[in-house]
Amino acid sequence: MTLYDKAVKCVDDAFQDKQKRHFERTVYWMEKFYPAYTTAHRIAAYSHDIERGIMKERDRQYLNKDFIRQHEEDRARLMAEFLKKEGADDDIIDKVKHLISRHEEGGDEEQNALKDADSVSYFETNAEMFVRKRAEQDGYEKVKGKLDWMFDRITSSAAKDAARANYEKWRKELDVAFKH
Ligand SMILES: [Fe+2]
Ligand SMILES: [Fe+2]
């Protein structure tokens with residue numbers, strides 16, 4: 001089993017396969033937006049949201065800046081611990097940590113590529129759940145804020161183009177559902 005396969009298994013076990021498509025699509029877009037990708041980039045893309053168990057209540061604070069930073073740092077640390085346990089090289093561990101630690105906010109070119117890949121994948125795989133399920137509990141404004149933030153944070157025009165149709169589709173469905 002390669003290190004990448006081990007990382008995939010670790011994530012799939014933690015999520016009980018629930019977010020598999022989101023992670024697969026994030027890897028797909030990471031490879032497109034960062035052609036110089038290495039194993040570390042693929043591992044970071046698949047495991048960027050790594051969680052010990054299924055989503056916790058605090059994950060509902062998805063627009064809170066402090067929460068976002070905490071989420072990034074927690075995930076980076078968890079994945080670094082896992083890779084260390086698997087005997088990965090320090091280079092790989094440092095790179096994965098670097099990437100995951102700003103996967104929501106972006107930073108340098110490769111961190112932005114992961115953030116963009118996460119956004120495009122989000123609109124393909126997770127936006128539906130926000131619009132059709134979470135909006136009922138969390139309300140129109142919060143989910144609208146999430147969709148707008150996930151789109152507006154995208155850096156590259158290629159990623160904006162890849163996300164636009166799905167972003168507009170889910171924004172429209174949200175507006176229709178809440179009669180805006
Ligand atoms: Fe995340
Ligand atoms: Fe994600």
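Return yes when Phe123 is more than 15 Å from ligand 1 (Cβ to nearest atom), within 14 Å of the chain's Cα centre (by Cα) and in a helix (DSSP H, G or I) and no when it is not. For Phe123, the condition - more than 15 Å from ligand 1 (Cβ to nearest atom), within 14 Å of the chain's Cα centre (by Cα) and in a helix (DSSP H, G or I) - is not met. Scanning the stretch 1-50 for residues that are of a type in the set (D, E, K, R), in a helix (DSSP H, G or I) and more than 14 Å from ligand 2 (Cβ to nearest atom) gives Asp5, Lys6, Lys9, Asp12, Asp13, Glu31, Lys32, Arg42. Quick check: is even one residue across the stretch 60-79 more than 18 Å from Gly107 (Cα to Cα), polar (S, T, N, Q) and either part of a loop (DSSP other than H, G, I, E, B) or modelled with pLDDT of 90 or more (or both)? Checked the stretch 60-79: at least one residue is more than 18 Å from Gly107 (Cα to Cα), polar (S, T, N, Q) and either part of a loop (DSSP other than H, G, I, E, B) or modelled with pLDDT of 90 or more (or both). Within the stretch 101-110, is even one residue in a helix (DSSP H, G or I) and of a type in the set (Lys, Arg)? Checked against the condition, which is being in a helix (DSSP H, G or I) and of a type in the set (Lys, Arg), the stretch 101-110 yields no hits at all.
The values are calculated or read from the model by the stated rules, or taken from the named source; none is laboratory data. Every value quoted in this text rests on a predicted model; they were computed, and no experiment measured them. Ideal geometry is used to build each Cβ from the backbone, glycine not excepted, and the neighbour counts take in all protein chains shown.
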